[in-house]
1. Could you tell me which residue of the stretch A:47-80 is farthest from the other protein chains (Cβ to nearest Cβ), considering only residues that are charged (D, E, K, R) and not in a loop (DSSP other than H, G, I, E, B)?
2. Please find, among A:Phe51, A:Phe62, A:Phe75, A:Phe80, the residue that is closer than 22 Å to A:Ala103 by Cβ, at pLDDT below 85 and assigned by TED's automatic domain parsing to the domain that holds A:Leu6.
3. Please go through (1) among the β-branched types (Val, Ile, Thr); (2) within 20 Å of the chain's Cα centre (by Cα); (3) surrounded by fewer than 19 Cβ atoms within 10 Å (Cβ to Cβ); (4) within 7 Å of another protein chain (Cβ to nearest Cβ) for B:Val12 and return the number of the only condition it doesn't satisfy.
4. If A:Ser125 passes every condition in (1) under 30 Å from A:Phe85 (Cβ atoms); (2) assigned by TED's automatic domain parsing to the domain that holds A:Asn48; (3) of a type in the set (S, T, N, Q) but one, which one does it miss?
5. Would the stretch B:52-59 turn up any residue that is in a helix (DSSP H, G or I) and over 23 Å from A:Leu175 (Cα atoms)?
6. In the stretch A:117-164, which residues are free of Cβ contacts under 8 Å to residues at least 24 places away in the same chain and over 20 Å from the mean Cα position of the chain (by Cα)?
7. Within the stretch A:6-26, is there a residue that is more than 7 Å from chain B (Cβ to nearest Cβ), under 17 Å from A:Val142 (Cα atoms) and over 13 Å from the mean Cα position of the chain (by Cα)?
8. Name every residue in the stretch B:61-82 that is buried (at least 21 other Cβ atoms within 10 Å of the Cβ) and facing another protein chain (nearest Cβ under 7 Å), in order of residue number.
Amino acid sequence: MVKGGLAVPWAIAMSLLVYAGSAQLAALPLIVAGAPLWVIVATGLITNLRFVIYSAALRPHFADRPAAVRAALGFFMTDFTFTRFMRSVQEGSLPEQRDAWFAGVCANNWIIWQVSAMTGIIGASYVPIEWGLEFTGTLALVALVGPSLNARPAVVGAVVAAIVALLAFSLPFKLGLFCGAIAGITAATLADHWQQPPPPAKPEGA
Amino acid sequence: MTDPVSGIALGVVIVGLALSTIITRTSFLLAGAKLRLGHRVEVALRYAPVCTLAAIIVPDILLHPPGTTLDLSVFNPRLIGALAAGLWLCWSRNIVGCLGFGMAAYTLARLYL
């Protein structure tokens, strides 16, 4: 983060307030390149869109809890804690106090994440710039994308997104990124549709 | 490298990104029970992150020097580093190893190719 070009206090504030690794990594090169505010925020928003699905999946389990509890659990949810929670749901091993249980998992995850982030932010100032450490940001995204390429529609979407983003790279305001993302999402959705028809319980247009 | 980015504009960006996290993560947890995700929408949302990230990293890796022309040769150190990281991922899901191996390949390619 710091090697990407953020001053230390701002990098710390970002880690604490945004608390979304992939969105931060995606936004970082745009911030450094001086992209417009809306482009940066929109990019963060698209990378965060998967959480809309997660929160929809969590809702039935917390519907009887107060809104403040639901909001707090939502903010501190991550890919890992969501996956962990759903596994316990499947195993049927969830205790009655599932909000406290989930809060514990999330708190644990939050502490480890933030301690690692702070170590990195402060440690990075001691690493010489010539090491090209900013490339680790790109590699971290490679590591995030890799495991998601486990289904054919995802591969189709990623390839289309990459090609369109390359072709449209010279567009101003990093618009090539959006063209690529939208083309990729469209391609992946179509590929998913052709691969398997939608479940009969939810007919077309539902 | 230029001076580190800071200042009010960056503060606004951070608040905007924080809002994107809060809105997406709390959306359906706070919404009424009547609101439901359609199947098509759910499919599109599922693939949104992988497509966006691909659109970010592929130009970052393949355009060399950064942001200029397509370079698919071995003289593009980012391509070497990304391929090495990808190979490591196929072999093991360990992210730290993937970063270390990728950075090592990138550094060697940058210095010696």
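1. Ranking the candidates gives A:Asp79 first.
2. A:Phe80
3. Going through (1) among the β-branched types (Val, Ile, Thr); (2) within 20 Å of the chain's Cα centre (by Cα); (3) surrounded by fewer than 19 Cβ atoms within 10 Å (Cβ to Cβ); (4) within 7 Å of another protein chain (Cβ to nearest Cβ) one by one, B:Val12 breaks only (2).
4. Only one criterion is unmet by A:Ser125, namely (1).
5. There is no residue in the stretch B:52-59 that is in a helix (DSSP H, G or I) and over 23 Å from A:Leu175 (Cα atoms).
6. A:Thr119, A:Gly123, A:Tyr126, A:Pro128, A:Glu130, A:Trp131, A:Gly132, A:Ile163, A:Val164
7. no
8. Residues satisfying the conditions are B:Ile61, B:Arg78, B:Gly81, B:Ala82.
The values are calculated or read from the model by the stated rules, or taken from the named source; none is laboratory data. Since the structure is predicted, the reported quantities are computational estimates derived from the model, not experimental observations. All Cβ positions, glycine included, derive from the backbone under ideal geometry; neighbour counts span all protein chains shown.
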